[in-house]
Amino acid sequence: MIVAATFCWGAAATAGKAVFTGRLFAGRAAISPLILTQARTTFAVLALLLFLLFRYGWRFFRISARDLALCSMVGTLGMAGSNFFYYYAIEKATVAIAITLQYTAPVWVMLTMVLWGRERATLRRAVAVLLAILGCAFTIDFFRSGLDVRNLGVAAALVASFSFAFYNIGAQALVTRNHPFKVMAYVLLSAAVLWAVLDPPWQLMAQGYTPPQWAFLFLFACLSMLLPYFFYFTGLKYLDPTGAVIASCMEPVFAILFAAMFVGEGLRPIQALGIAAVLVAGVMVQMQRRRTTFPE
């Protein structure tokens, strides 16, 4: 089930790239990373709230003021930030670069927890950090061409990784005190409210999208958020959290393979080596973490 979730996330990354490059809906109103992120979050939270309301009733949504404030921070600084900068990086760079750099997030989480004194620094963790940094350098081809940020694509991917790390740290505390679906609902709602403020709904409706484009945005929300979350939480019944997170590291593999197959993104051997190094680093870090949260 966890692998099925990563399959959905990988396919979503490639679909986003196809939209940004004009392979989908060529000649029609452009769907930007902001619009894709906003529509993805808004459609997903509306569907989730309706489901939870009919399944559990209003009482399910009770939450303390402290946890509500933390959900708001996780939703805006964490989820909204990681989603937007991730798709912006896909648009400006490549799927391979965007998803690989975002998957350095487990390393940043580990470093933060060590600095806070919540985890112990070990040789394995130190090796994982060095391996991740080296892998990032290989992925962006730093040693051959230097740091070409490609119109800020690489920088955006790194910001996405920091936001994703913050999201995981904050959500980890929340799910120990609340039902995971409740946390997910408030986090998504906070992100959706942020996008509604930055890009009001009437401006979104004025974009001139065709019915097929609106249908794509709705299906994209289901594919990239609702469906994989369902798979992930179902998989948690059969795997411990560490096993689930290790399995989720298949997402970059699926995303890069789909990008190579469907949107024509090339992948040099040195970049493949960098991707492998980042994945190994992520697995090494997560193998020593006993608790985790659901992914972006």
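So here's what we get for this one:
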item: Under Karplus coefficients 6.51, -1.76 and 1.60, residue-wise ³J(HN,Hα) of region 94-100 in Hz, glycine/proline x; result: 9, 4, 4, 5, 4, 6, 5
item: Quarter of the Cα convex hull surface for region 24-127, i.e. its orientation-mean projected area (nm²); result: 10.5
item: In Hz, Karplus ³J(HN,Hα) per residue of region 254-259 (6.51, -1.76, 1.60; θ = phi - 60°; x = Gly, Pro); result: 4, 4, 5, 5, 5, 5
item: Apportionment of accessible area to carbon and sulfur, region 157-236, percent (1.4 Å); result: 78
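The values are calculated or read from the model by the stated rules, or taken from the named source; none is laboratory data. Note that the structure is predicted; figures quoted are calculated from it, not measured. We work out accessible area using only protein heavy atoms, side chains counted, and drop any ligands, DNA or RNA first. Shrake-Rupley method; radii C 1.70, N 1.55, O 1.52, S 1.80 Å.
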